[in-house]
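Structure first, commentary second.
The values are calculated or read from the model by the stated rules, or taken from the named source; none is laboratory data. These numbers come from a predicted model, not from an experiment. All Cβ positions, glycine included, derive from the backbone under ideal geometry; neighbour counts span all protein chains shown. Areas reflect the complete protein model, heavy atoms only, side chains present, ligands, DNA and RNA absent. Shrake-Rupley method; radii C 1.70, N 1.55, O 1.52, S 1.80 Å.
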Amino acid sequence: QVQLVESGGGLVQAGGSLRLSCAASGRTSSSYAMGWFRQAPGKEREFVAAINWSGSYTTYADFVKGRFTISRNNAMITVYLQMNSLKAEDTAVYYCAADLSVASLQTGGNNYWGQGTQVTVSS
């Protein structure tokens, strides 16, 4: 089992920045790919970004490329999502996820999930 706890959400004005953190614990959690999904009201959960276990590979959804950066600290088993140039449409609950690979994480089907953190961007 892998436990994930997110933090760092909040209210920010459009154009501003936030950094989300996700602390992982549990068996072999440092060897998992980790990533972020989001779910806006009335919409399905969607993939945002992912990073492999070593941090050498990252991938992003097109709608965040150039604005969001995912990184990880394996000593602390924490993954971060730096969100810049935020837009009102980025408003959502952001979920941390973990799975054995980036490819499997992106499908969303077998992930471990955090409880989510609310990000609200005011226009």
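Per-residue HN-Hα couplings for segment 108-120, Karplus 6.51 cos²θ - 1.76 cosθ + 1.60 at θ = phi - 60°, whole Hz, x for Gly and Pro?
x, x, 10, 6, 7, 10, x, 7, x, 9, 7, 10, 10
Using a 1.4 Å probe over the heavy atoms of the protein chains, calculate the carbon and sulfur portion of the accessible area of the chain as a whole percent.
49
Over the chain, what is the mean sequence separation of C-alpha contacts under 8 Å (at least six apart), divided by residue count, expressed as relative contact order in percent?
Computed value for the chain: 35 percent relative contact order.
Extending each Cα 7 Å along its Cβ direction at residue 25 and residue 107, get the distance between those two points in nm, one decimal.
Label-label distance for residue 25 and residue 107, simple model: 3.1 nm.
Please work out the FRET efficiency for the pair residue 57 and residue 115, using the Cβ-Cβ distance as r and a Förster radius of 22 Å; give the result to the nearest 0.05.
For R0 = 22 Å, the calculated efficiency reads 0.25.
Given a 1.4 angstrom probe, what's the average accessible area per residue across the chain, in square angstrom?
Using a 1.4 Å probe on heavy atoms only, each residue of the chain averages 49 Å².
Using alpha carbon coordinates only, what is the Rg to Rh ratio of segment 28-123, with Rh defined as the Kirkwood radius?
Reported Rg/Rh (Cα atoms, Kirkwood Rh): 0.95.
If you average 1/r across every pair of different Cα atoms in segment 1-64 and take the reciprocal, what Kirkwood value do you get, in Å?
The Cα-based Kirkwood calculation yields 13.6 Å.
Tell me the mean residue ellipticity at 222 nm calculated for the chain from its helices only (DSSP H runs of n ≥ 4, each -39500 (n - 2.57), averaged over every residue, nearest 500).
About -1000 deg cm²/dmol.
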